[in-house]
1. Answer yes or no as to whether Ile189 is assigned to a helix (DSSP H, G or I), of a type outside the set (Asp, Glu) and touching a strand residue (DSSP E or B) at 6+ places or on another chain (Cβ under 9 Å).
2. Assess whether Ala77 counts as being modelled with pLDDT of 95 or more, in the same structural domain as Val151 (by TED's automatic domain parsing) and assigned to a loop (DSSP other than H, G, I, E, B).
3. I'd like the full set of residues that are more than 14 Å from Val147 (Cα to Cα) and out of contact with any Asp or Glu (no Cβ under 7 Å at 6 or more places or on another chain), limited to region 158-179.
4. Can you tell me which residue is nearest to the ligand (Cβ to nearest atom) among those in region 87-114 that are among the polar types (S, T, N, Q) and surrounded by fewer than 19 Cβ atoms within 10 Å (Cβ to Cβ)?
5. Looking at region 132-144 only, could you name the residues that are surrounded by 14 or more Cβ atoms within 10 Å (Cβ to Cβ), more than 16 Å from the ligand (Cβ to nearest atom) and in a loop (DSSP other than H, G, I, E, B)?
6. Condition first: surrounded by fewer than 22 Cβ atoms within 10 Å (Cβ to Cβ), touching a strand residue (DSSP E or B) at 6+ places or on another chain (Cβ under 6 Å) and in a loop (DSSP other than H, G, I, E, B). Now tell me which residues in region 1-27 satisfy that.
7. Can you say whether Lys229 is in contact with a helix residue (DSSP H, G or I) (Cβ under 9 Å, 6 or more places away or on another chain) and either outside the structural domain of Thr104 (by TED's automatic domain parsing) or not polar (S, T, N, Q) (or both), as far as the supplied structure shows?
8. Among the residues of region 338-370, which ones are closer than 15 Å to Val285 by Cβ and either at pLDDT below 95 or not in a helix (DSSP H, G or I) (or both)?
Amino acid sequence: MEHLPQKYRQLFPTVQTHTMLASCSQSALAEPVSRAIKDYHDSLLHMGTNWNEAIEKTESARNEFAKLIGAEPDEIAIVPSVSDALVSAASSLSVFGKKHVVYTEMDFPSVSHVWQAQSDYTVSVIPSIDGELPLEQYETYIMDETVLTCVPHVHYRDGFVQDVKAIAEITQRKGSLLFVDAYQSAGHIPIDVKAWGVDMLAAGTRKYLLGIPGMAFLYVRKELADALKPKTSAWFGWESGFEAAYAKGARRFQTGTPAFISVYAAAAALSLLNHIGVSHIRDHVKTICADACQYAAEKGLQLAAAPSGEQPGMVAIRDERALETAALLKKKKVICAPRDAVIRLAPHFYNTKDELRHAIDEIAAKTIHM
Ligand SMILES: Cc1ncc(COP(=O)(O)O)c(C=O)c1O
């Protein structure tokens, strides 16, 4: 199962000098992605203009993301961030005449911020129980009046993985649309929007998608997209850019010129991910995380994730001084991602079992000497 890092590590200069375990925040920069960023820069420097090339690259990033999640390119909008994707989704729901929204305690805080700002909607927040979101909770909280249910595919703080297909069965039966925040899963856990019955899904490029900030994708199921009139829409979301009609499909959720430099990075990064195959990445990440969870427990560290459920693709370790620990680890060239009172070790296909064990040794040594 170690063959992925053996095959691909040489593409990542930083992993030669650092233990890079922060893919839930920012993954390591791959050489093809670095070259793509430079290509954008150089095209401006040497050609003076690169609009047509940048538009082509935008379509290539869209196609690659569509492939990654089992969608059609027309079902993908290019937006600046996952938060923007949700704002756009929220701006399109008035056609349904329903004013109740459900989201979960495990959603990223942005989800709550977006709905607080939409003061004409009432919200219900599904609480987690022992670190999980049991399906019965969805049965209880989603009502006839619920227009949209927002769920994270993976919890940003401990990696808890939800069964999106099972949730979609509930939202469909209850007449609610389903919005999936896949920012913590896209790139290391396979996603199949059609097989799962997802209505909308968003993911940004800088975490497991191997890109840089400034860009995210919003999937909207085609038949649904064509029926919606998002209020956040402008010339990149209109036919030919200038006609007085919304573009077909999810493109109508677009506004202005995308951050082309991020688009170049995303096109190269997604092409690499699709070439490797996310199911292979999932197998590898799952195996090394399972080993690391056991190793951390043996070292007396407390894991943040619930012990039952699907193996998370990160190792989340409880630590009241997570920020301080992360700063100490950084001095030793171990890059992890602290969040609240948790240290997240989030590997990707370029990481090895030994790297995770090394990070755990460092955390355990720090905890003992405190
Ligand atoms: C699960 C999840 N959703 C949303 C966000 C916010 O994304 P953005 O800054 O692109 O709005 C994050 C950022 O860490 C996240 O982890």
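1. Values: assigned to a helix (DSSP H, G or I): no; of a type outside the set (Asp, Glu): yes; touching a strand residue (DSSP E or B) at 6+ places or on another chain (Cβ under 9 Å): yes.
Against the criterion (assigned to a helix (DSSP H, G or I), of a type outside the set (Asp, Glu) and touching a strand residue (DSSP E or B) at 6+ places or on another chain (Cβ under 9 Å)), Ile189 does not qualify.
2. Working: modelled with pLDDT of 95 or more: yes; in the same structural domain as Val151 (by TED's automatic domain parsing): yes; assigned to a loop (DSSP other than H, G, I, E, B): no.
Criteria not met by Ala77.
3. Step one: filter region 158-179 for residues more than 14 Å from Val147 (Cα to Cα), giving 158-167, 169.
Correct list: Asp158, Gly159, Gln162, Asp163, Val164, Lys165, Ala166, Ile167, Glu169.
4. Filtering region 87-114 down to residues among the polar types (S, T, N, Q) leaves 88, 91-92, 94, 104, 110, 112.
Then keep just the ones that are surrounded by fewer than 19 Cβ atoms within 10 Å (Cβ to Cβ); that gives 91, 94, 110, 112.
Values: Ser91: 15, Ser94: 23, Ser110: 5, Ser112: 11 Å.
So, considering only residues that are among the polar types (S, T, N, Q) and surrounded by fewer than 19 Cβ atoms within 10 Å (Cβ to Cβ), the one nearest to the ligand (Cβ to nearest atom) is Ser110.
5. Ile142
6. His18, Ser25
7. Considered against the rule, which asks whether it is in contact with a helix residue (DSSP H, G or I) (Cβ under 9 Å, 6 or more places away or on another chain) and either outside the structural domain of Thr104 (by TED's automatic domain parsing) or not polar (S, T, N, Q) (or both), Lys229 comes out as yes.
8. Answer for region 338-370, where residues must be closer than 15 Å to Val285 by Cβ and either at pLDDT below 95 or not in a helix (DSSP H, G or I) (or both): Arg344, Leu345, Ala346, Pro347, His348, Phe349, Tyr350, Asn351, Thr352.
The values are calculated or read from the model by the stated rules, or taken from the named source; none is laboratory data. Note that the structure is a prediction, hence the values are computed from the model and not measured. Reconstructed Cβ throughout: ideal geometry from the backbone, glycine too, with neighbour counts over all protein chains shown.
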